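The values are calculated or read from the model by the stated rules, or taken from the named source; none is laboratory data. This structure is a prediction, so every number in the text was calculated from the model and none was measured. Note: ideal-geometry Cβ built from the backbone for every residue, glycine included; neighbour counts use all protein chains shown.
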Amino acid sequence: MNPAATPVPVEDVQGDGRWMSIHKRYVNESKDKEPDICSLCVFIGDSLIQLMAQTDVWFKWFVPMHCLNFGIGGDATQHVLWRLQNGELDDLKPKVIVILAGTNNHGHTAEQVVGGLKAIVETVSTKQPQAQIFVMSIPPRGHEPNPLREKIRAINDALPNMLKPFENTQFVECDNGFIQADGTIDHNDMYDYLHLTKQGYEKLCAPLYEALTTLLSP
């Protein structure tokens, strides 16, 4: 079995129930929305999605599109998969679903992470057959070249072929411009060489925004 594609909730090692509380809030948010809002877009993923909701980019570009943000920091593909199979998409009919996950699958191979993303896309396609699915590339990480970057590159290289069998699914390459000529990542793009600054989110989201505006234009 592929652990990256086996749905499991996050273990509550701190004992405060935060992860499950956030999940339940997202389920309730989906119930509060009108299911027939044709322009509704749902973002799903880890902290790179979750923190986007606190940026100018989110309010300037995505709030006018009636977007919901269902990101949880620290989630790996198996955690996102569990959430999707346990209510977060059950009461919505979005036109677009955006997926960004995989950077937290530290103990899994690139092939396993691709399998986890495939399981996520399969679940979304089954639950929301009307939706266009955008799978974002995983941005690089670490100040200097490192093994995790190489794994991320292998995942991103494999995603277009993995997505080919799925109708209404598109790979959105969003990681261009982060790695400089000397191989480093600028702290002005990623303040801790993983999470994005305002400038970093503008770089990450520009290709996605272009794809969304093209799709959602009247």
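Observations
- Test result for residue 51, buried (at least 21 other Cβ atoms within 10 Å of the Cβ) and either more than 20 Å from residue 167 (Cα to Cα) or not small (Gly, Ala, Ser) (or both): no
- Failed criterion for residue 74 (all others in (1) of a type outside the set (Phe, Trp, Tyr); (2) at negative phi; (3) touching a residue at least 60 places away in the same chain (Cβ under 8 Å); (4) part of a loop (DSSP other than H, G, I, E, B) hold): (2)
- Verdict on residue 50 being in a helix (DSSP H, G or I) and either farther than 25 Å from residue 195 by Cα or in contact with a helix residue (DSSP H, G or I) (Cβ under 8 Å, 6 or more places away or on another chain) (or both): no
- Pairing each residue of region 107-122 that is in contact (Cβ under 8 Å) with a residue 60 or more places away in the chain and within 22 Å of residue 97 (Cα to Cα) with any residue that is in a helix (DSSP H, G or I) and among the charged types (D, E, K, R), provided the two are 6+ apart or on different chains, yields C-beta distances under 8 Å for 113/151.
- Residue in region 21-33 that is closer than 15 Å to residue 120 by Cα, touching a Leu at 6+ places or on another chain (Cβ under 9 Å) and of a type outside the set (Lys, Arg) present: no
- Counted residues, region 127-179 - those being assigned to a loop (DSSP other than H, G, I, E, B) and not aliphatic (A, V, I, L, M): 23
- Test: residue in region 143-151 that is closer than 30 Å to residue 94 by Cα and either exposed (fewer than 14 other Cβ atoms within 10 Å of the Cβ) or of a type outside the set (S, T, N, Q) (or both): no
- Yes/no for residue 186 being under 17 Å from the mean Cα position of the chain (by Cα) and of a type in the set (Asp, Glu): no
- Unique match (being on the phi < 0 side of the Ramachandran plot, surrounded by fewer than 18 Cβ atoms within 10 Å (Cβ to Cβ) and over 18 Å from the mean Cα position of the chain (by Cα)) among 158, 181: 181
- Residues (of a type in the set (S, T, N, Q) and either in a helix (DSSP H, G or I) or over 15 Å from the mean Cα position of the chain (by Cα) (or both)) located in region 77-122: 77, 78, 85, 86, 109, 112
- Any hit, region 201-217, residues being closer than 20 Å to residue 115 by Cβ, surrounded by 15 or more Cβ atoms within 10 Å (Cβ to Cβ), in contact with a Cys (Cβ under 7 Å, 6 or more places away or on another chain) and not hydroxyl-bearing (Ser, Thr, Tyr): no
- Filter pass, residue 71 being of a type outside the set (Lys, Arg), touching a Ser or Thr at 6+ places or on another chain (Cβ under 7 Å) and closer than 22 Å to residue 195 by Cβ: yes
- Single match in 103, 123 (criterion: surrounded by fewer than 21 Cβ atoms within 10 Å (Cβ to Cβ) and polar (S, T, N, Q)): 123
- Among the residues of region 161-189, those that are in contact with a Gly (Cβ under 8 Å, 6 or more places away or on another chain) and more than 21 Å from residue 62 (Cα to Cα) comprise 178, 185, 188.
- Among residues that are in a helix (DSSP H, G or I) and modelled with pLDDT under 95, residue 29 is included.
- Residue match in region 63-86 (condition: at pLDDT below 95 and loosely packed, with under 13 Cβ neighbours inside 10 Å): yes
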